[in-house]
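Novice: One structure coming up, written as C-alpha cells, with questions to follow.
FYI, it's all coordinate maths here, none of it is from the lab. Just so it is clear, the model here is predicted, and its values are computed rather than measured. Cβ placement follows ideal geometry from the backbone for every residue including glycine, while neighbour counts extend to all protein chains displayed.
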Amino acid sequence: METLRILSLALATTTTGLVAGLFYAYSCSVMLALRQVGDRTFIDVMQRINTAILNGWFALGFGGALLSTALAAGLHLGDDRPVLVRILSALALYVAMVFVTRAFNIRLNNELAEAGPADRIARPDAVRRSFEGPWVRWNIVRTLLSTGALICLVYALLLY
C-alpha cells in the first residue's frame with residue numbers, strides 16, 4: 001500500500017507539473033509571440049494549435065493529473081492528515097482549473113473555430129479582439145490554479 005501511495009502522489013505531481021508548465025509556456029512565450037503577428041496569422045495559428053493539442057499525450061497529462069490526484073487522495077484517507085489536506089487542496093485547485101478551461105478557454109476556442117478559415121473571415125480584427133484578450137486572461141487564471149495544485153502536491157510529497 002505504501003508503494004501505491006507514493007507512486008500515485010508522484011504521478012499526480014508529475015502530470016500536474018506538465019499541465020501547469022504547458023499553460024505557463026502559453027503565458028510567457030506562445031501568446032507573447034502571437035501578439036506580434038497579423039490578425040489572420042494569429043487566427044490561423046490558434047486554430048491549428050487548438051486542433052493539434054487534442055491528442056493522446058495531452059489527454060494523458062490533463063486527465064491523468066485529475067485521476068492520479070483523486071487516487072492519491074483516496075489512498076491517503078484516514079492516514080497522515082497534513083499530507084491528505086495538501087492533496088485535497090491540490091485536487092480542489094485542479095478541479096477549478098478544469099472548470100475554467102471548459103467554461104472559458106474551450107468555449108473561446110470553439111468560437112474561434114466557428115469563425116471559419118482565417119483567410120475567409122471578413123473582420124479578422126474583430127474576431128481576434130473577441131478571442132485574444134479573454135483567452136489570455138483565463139489562461140493566466142488556469143496557470144495560477146494548476147501551479148497552486150502543483151505546489152500543494154510538492155508539499156504533500158515533502159511531508160510524506
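Novice: Quick check: pseudo-label points 7 Å beyond the Cα along Cα→Cβ at Ala92 and Ile140, how many nm apart are they?
Specialist: Output for this residue pair reads 2.4 nm.
Novice: For the stretch 18-48, which chymotrypsin sites (Phe, Trp or Tyr not before Pro) are in a loop by DSSP, counting at most 16 other Cβ atoms within 10 Å?
Specialist: none
Novice: Could you pull the Cα extents of the stretch 2-159 along its three principal axes, largest to smallest, in whole Å?
Specialist: 60, 24, 22 Å, listed from the longest principal axis down.
Novice: Given a cut-off of 12 Å, what percent of all Cα-Cα pairs of the stretch 7-53 lie beyond it?
Specialist: 69
Novice: Quick one: what are the phi-derived ³J(HN,Hα) couplings along the stretch 115-130, Karplus 6.51/-1.76/1.60 with θ = phi - 60°, whole Hz, x for glycine and proline?
Specialist: 5, x, x, 4, 6, 10, 7, 5, 10, x, 5, 5, 5, 4, 4, 6
Novice: Got a sec to turn the phi values of the stretch 44-54 into Karplus ³J(HN,Hα) couplings, 6.51 cos²θ - 1.76 cosθ + 1.60 with θ = phi - 60°, whole Hz, x for Gly and Pro?
Specialist: 4, 5, 5, 4, 5, 4, 5, 7, 5, 6, 7
Novice: Find the centroid of the Cα atoms in the stretch 118-132 and in the stretch 32-69, then give the distance between the two in whole Å.
Specialist: What the calculation gives is 18 Å, centre to centre.
Novice: With r defined as the distance between the Cβ atoms of Ala59 and Ala33 and R0 fixed at 22 Å, what FRET efficiency is calculated, to the nearest 0.05?
Specialist: Working from the Cβ atoms, E equals 0.30.
Novice: Given the Cα-Cα distance of Val85 and Glu114 and 0.36 nm per residue of separation, how much length would full extension add, in nm? Before the final figure, lay out each step's value.
Specialist: Working: separation 29, 0.36 × 29 = 10.44 nm, distance 4.21 nm.
Result: 6.2 nm gained on full extension.
Novice: Magnitude of the Cβ-charge dipole of the chain, K/R +1 and D/E -1, about the Cα centre, nearest 20 debye?
Specialist: Roughly 280 debye for the chain.
Novice: In whole Hz and in residue order, list the ³J(HN,Hα) couplings for the stretch 15-25 that follow from phi through the Karplus curve 6.51 cos²θ - 1.76 cosθ + 1.60, θ = phi - 60°; x for Gly and Pro.
Specialist: For the stretch 15-25, the Karplus-derived couplings read 5, 5, x, 5, 5, 4, x, 4, 5, 4, 4 Hz, x marking Gly and Pro.
Novice: Can you tell me the relative contact order of the stretch 2-159? Whole percent, Cα pairs under 8 Å, sequence separation 6 or more.
Specialist: 42
Novice: For the pair Arg107 and Arg129, how long in nm is the line joining their label points, each one 7 Å along Cα→Cβ?
Specialist: Reported label-point gap for Arg107 and Arg129 is 2.1 nm.
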